[in-house]
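Novice: Structure in structure tokens, see below.
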Number of protein chains: 2
Amino acid sequence: MANKDQYFSKTLEKGLTILNLFDREHPSRSLIEISKLTGINKTSTYRLVNTFVHLGYLRKSSDNKSLRLGTRAFALGHECFHGFDIYQGIKPVIDKTFLEHKISIDSALVDGNRLISLYRREMPNLVHYHLPLVMDELYARAMGKAILAHFTESELSGYLESVHMEELTPNTLTDVEKIRKEIIETRNRGYSVNNEEYMLGIISVGAPIMNFQKRTVAGSVSLDFPSKEYSLGYIEQNFIGILLGLAGEISEIITSMGM
Amino acid sequence: MANKDQYFSKTLEKGLTILNLFDREHPSRSLIEISKLTGINKTSTYRLVNTFVHLGYLRKSSDNKSLRLGTRAFALGHECFHGFDIYQGIKPVIDKTFLEHKISIDSALVDGNRLISLYRREMPNLVHYHLPLVMDELYARAMGKAILAHFTESELSGYLESVHMEELTPNTLTDVEKIRKEIIETRNRGYSVNNEEYMLGIISVGAPIMNFQKRTVAGSVSLDFPSKEYSLGYIEQNFIGILLGLAGEISEIITSMGM
DNA sequence: ATTTTTGTTACTATTATAGTAATAAAAATC
DNA sequence: GATTTTTATTACTATAATAGTAACAAAAAT
């Protein structure tokens with residue numbers, strides 16, 4: 001083999017890295033900023049940014065020179081979102097459970113140590129429960145813990161070492177050992193619990209979405225309840241069956257789609 | 001100047017072309033298919049696809065070798081969609097008008113000769129009115145006609161020559177000369193009309209979203225009504241003011257954002 | 001008005017890619 | 001089940017593209 005990197009395009013990788021710098025928190029960036037954040041030298045950054053601008057994926061504000069997402073990026077975003085077969089496959093299953101049981105449901109996919117929000121349905125009693133699309137706080141969420149419980153030992157250690165834990169509510173666990181213990185408990189129990197650790201007023205239970213063939217975690221689902229109306233005990237008595245049934249159904253789809 | 005193309009990355013362009021091949025109608029594609037559709041030679045296609053797979057933007061179904069969008073593409077899609085400042089800027093304005101007047105509203109941006117759906121709110125009486133994200137049928141829609149009316153003469157001719165017109169309903173205009181006449185009328189009138197030409201049962205009126213500084217059309221808005229409940233005459237008497245007011249407000253935002 | 005930062009262009013050595021071709025692995029066909 | 005056809009992957013190298021340095025231009029900041 002001449003070179004194992006021969007069939008990998010560094011240029012494309014760099015381009016994608018640049019495009020990923022733009023999100024809701026960072027709608028605008030300068031050339032130098034992009035260059036510094038990505039570590040790509042100024043000229044190459046200029047070339048790639050210029051390419052994006054010419055193709056309409058980025059645009060320059062006429063006043064200053066700052067760069068923003070363009071129409072083509074928006075269109076590509078649309079298509080990548082709606083063209084994602086997993087999303088289309090999971091949607092009807094969650095809709096069905098939502099309509100049948102009238103509970104808020106959330107789902108996400110693993111991407112390294114991040115959770116990517118896949119699809120959710122919310123009951124009106126969970127007002128203003130708007131989550132970010134990409135979530136790092138696996139340790140503080142039912143969906144996160146369900147995933148951590150099915151990480152390999154080395155994946156889990158890697159995560160716990162690298163993560164910066166914040167006390168999001170008074171209930172948040174921020175001690176590595178306590179989280180480890182909780183993770184083990186989660187694995188034994190078969191589902192995870194978030195008792196107002198991520199946001200006050202919200203109790204959630206979560207379960208992993210597995211690829212049965214590959215024996216890996218692909219993501220997770222959670223059922224979310226307002227703590228005013230539901231106690232954890234009540235939830236555990238009445239909704240775990242629904243949760244695990246839903247997780248199993250989604251896992252089958254995921255497995256068949258090879259996620 | 002050494003070479004004017006020096007600051008344009010063909011590799012990145014090719015990569016983006018490939019990513020754009022995946023959408024709801026085409027969730028799965030083979031390597032050769034990609035190579036043929038894009039005109040990129042097989043080895044280069046392989047290199048680019050391989051890059052996407054390694055980075056998680058594409059994945060291979062384990063059974064056959066067909067390629068599908070991956071988690072990273074879904075995440076990027078999310079971010080490009082929600083990180084698009086125009087979308088965030090327009091959303092509250094449309095929401096406000098929607099809640100105030102209880103009418104279905106649609107908006108889109110121009111991208112060449114295509115319309116890209118930006119944001120819409122629908123009343124329950126417009127059930128099953130699900131539109132594609134990217135629309136070519138400018139000639140048959142209120143939003144499309146509003147845009148055509150503000151194309152330059154050469155842009156319009158270019159569009160009319162290249163477009164393939166389909167009779168979507170018995171009302172659809174498919175004769176180039178008739179469409180030209182209608183476009184001129186639209187320009188004089190200040191708003192466009194779609195009298196069940198795109199879909200039976202739906203009447204729409206549309207107006208352009210302009211960039212006042214650049215003096216270009218950036219997109220358009222439409223108000224959509226069920227023909228069972230509203231006549232065109234009634235709509236024209238009661239809603240044109242609202243339409244033009246909304247279009248003006250959005251145009252100002254668009255202008256200030258330099259779209 | 002001067003300094004500093006940021007964006008754009010020029011210039012090559014170096015590297016990556018295109019393109020051909022050969023091989024391997026699946027699918028399709030017989 | 002063997003054979004043909006299609007598709008995917010690897011090898012090889014001329015050619016073209018990119019990286020990186022540096023110089024310059026244009027804004028911002030001071």
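Novice: Which whole-Hz couplings ³J(HN,Hα) result when phi for each residue of region B:141-152 is put into the Karplus expression 6.51 cos²θ - 1.76 cosθ + 1.60, θ = phi - 60°, listed in order with x for Gly and Pro?
Specialist: So the Karplus estimates, Gly and Pro as x, are 10, 4, 5, x, 5, 4, 7, 4, 5, 10, 6, 6 Hz.
Novice: Tell me, what is the percent relative contact order of region B:1-134, built from C-alpha pairs under 8 Å that lie six or more residues apart? Write out the running numbers ahead of the final one.
Specialist: Numbers: 119 pairs, mean separation 17.7, N = 134.
This gives 13 percent for region B:1-134.
Novice: Moving on. What residues qualify as long-range amide H neighbours of A:ASP111, i.e. H under 5 Å apart, gap of 5 or more or another chain, H built at 1.01 Å from N?
Specialist: Under 5 Å from the amide H of A:ASP111: A:ILE116.
Novice: Something else about it: Helix A:42-55 versus the longest principal axis of chain A: what angle, 0 to 90°, nearest 10, using Cα atoms?
Specialist: 80 degrees
Novice: Give me the dipole magnitude in Debye, nearest 20, for region B:25-184 about the Cα centre, with unit charges on the beta carbon: positive for Lys and Arg, negative for Asp and Glu. Walk me through the numbers before you get to the answer.
Specialist: Details: 20 positive and 20 negative charges, 170 e Å.
It comes to approximately 820 debye.
Novice: Set Lys and Arg Cβ to +1 and Asp and Glu Cβ to -1, take the dipole of region B:172-229 about its Cα centre, and tell me which of B:VAL193, B:LEU173, B:VAL217 lies farthest positive.
Specialist: Working it through, the farthest residue towards the positive pole turns out to be B:VAL217.
Novice: Just to check I understand the Karplus step: with θ = phi - 60° and J = 6.51 cos²θ - 1.76 cosθ + 1.60, what whole-Hz values come out for region A:234-245, glycine and proline as x?
Specialist: These are the phi-based 3J(HN,Hα) values: 4, 4, 5, 6, 10, 10, 5, x, 4, 4, 5, x Hz.
Novice: Same structure again: Starting from region A:52-135, pick out the trypsin sites (Lys or Arg not before Pro) whose DSSP state is loop and whose Cβ has at most 13 other Cβ atoms within 10 Å. Please list the in-between numbers first.
Specialist: Numbers: sites: A:ARG59, A:LYS60, A:LYS65, A:ARG68, A:ARG72, A:LYS96, A:LYS102, A:ARG114, A:ARG120, A:ARG121; in loops: A:LYS65, A:LYS102.
Answer in residue order: A:LYS65, A:LYS102.
Novice: Roughly what angle does helix B:153-162 make with the longest principal axis of chain B, taking Cα atoms, 0 to 90 degrees, to the nearest 10?
Specialist: Long axis of B:153-162 versus the principal axis of chain B: about 60 degrees.
Novice: Give me the dipole magnitude in Debye, nearest 20, for the protein assembly as shown about the Cα centre, with unit charges on the beta carbon: positive for Lys and Arg, negative for Asp and Glu.
Specialist: Numbers: 58 positive and 62 negative charges, 329 e Å.
I would put it at about 1580 debye.
Novice: Rounding to the nearest 10 and keeping the result within 0 to 90°, find how far the Cα-based axis of helix B:10-19 lies from the longest principal axis of chain B.
Specialist: 70 degrees
Novice: While we're here: Going 7 Å from Cα along the Cα-Cβ axis for the label, what nanometre distances separate B:THR169 from the same residue across the other copies?
Specialist: With the label placed 7 Å along Cα→Cβ, B:THR169 yields 4.9 nm.
Novice: Defining a contact as two alpha carbons under 8 Å apart and six or more residues distant in sequence, what relative contact order in percent does chain B show?
Specialist: Details: 372 pairs, mean separation 37.5, N = 259.
Across chain B, relative contact order equals 14 percent.
Novice: Related question: GNM on chain B, C-alpha springs below 10 Å: top fluctuator among B:VAL217, B:VAL134, B:VAL49?
Specialist: Taking springs between Cα atoms under 10 Å, the residue moving most is B:VAL49.
Novice: Where the centre of each part is set by its Cα atoms, how far does region A:172-202 sit from region B:22-72, in angstrom?
Specialist: Centre-to-centre (Cα) distance: 39 Å.
Novice: Averaged across A:15-23, how many Cβ atoms of other chains sit within 10 Å of each residue's Cβ atom? Write down the numbers at each step before the final one.
Specialist: Values: counts 6, 11, 1, 1, 6, 6, 2, 6, 9.
Mean shielding by partner chains, rounded to a whole number: 5.
Novice: If you don't mind, there's one more thing I want to ask. Which one, B:LEU69, B:LEU58, B:TYR46, is farthest towards the positive end of the dipole of region B:1-80 when Lys and Arg carry +1 and Asp and Glu -1 on their Cβ?
Specialist: B:TYR46
Novice: Separate question: Counting helices only, and only those DSSP H runs with n ≥ 4, report the 222 nm mean residue ellipticity of chain A as the sum of -39,500 (n - 2.57) divided by its residues, in deg cm²/dmol to the nearest 500.
Specialist: Working: 10 runs with 117 residues, N = 259.
Taken over chain A, the calculation gives -14000 deg cm²/dmol.
Novice: Taking the Cα centre of region A:188-259 as origin, work out the dipole magnitude from +1 charges on Lys and Arg Cβ and -1 charges on Asp and Glu Cβ, in debye rounded to 20. Could you put the intermediate results ahead of the total?
Specialist: Details: 4 positive and 7 negative charges, 57 e Å.
The dipole of region A:188-259 has a size of about 280 debye.
Novice: What nm distance separates the two modelled labels at B:SER157 and A:GLU167, each placed 7 Å from Cα along Cα→Cβ?
Specialist: Going from the B:SER157 label point to the A:GLU167 one covers 7.3 nm.
Novice: In addition: Once the dipole of the protein assembly as shown is set up with Lys and Arg at +1 and Asp and Glu at -1 on Cβ about the Cα centre, which of A:TYR234, B:VAL110, A:ILE253 lies farthest towards its positive end?
Specialist: B:VAL110
Novice: Using amide H atoms built 1.01 Å from N in the peptide plane, name the residues 5+ places from B:VAL193, or on other chains, whose amide H lies under 5 Å from its own.
Specialist: Sorted by chain and number, the residues that satisfy this are B:GLY206.
Rule-based calculations on the coordinates, nothing more; no lab input. Keep in mind that this is a model prediction, so the values were computed, not measured. Don't worry about glycine lacking a Cβ; one is built from the backbone with ideal geometry, like all the others, and counts go over all protein chains shown.
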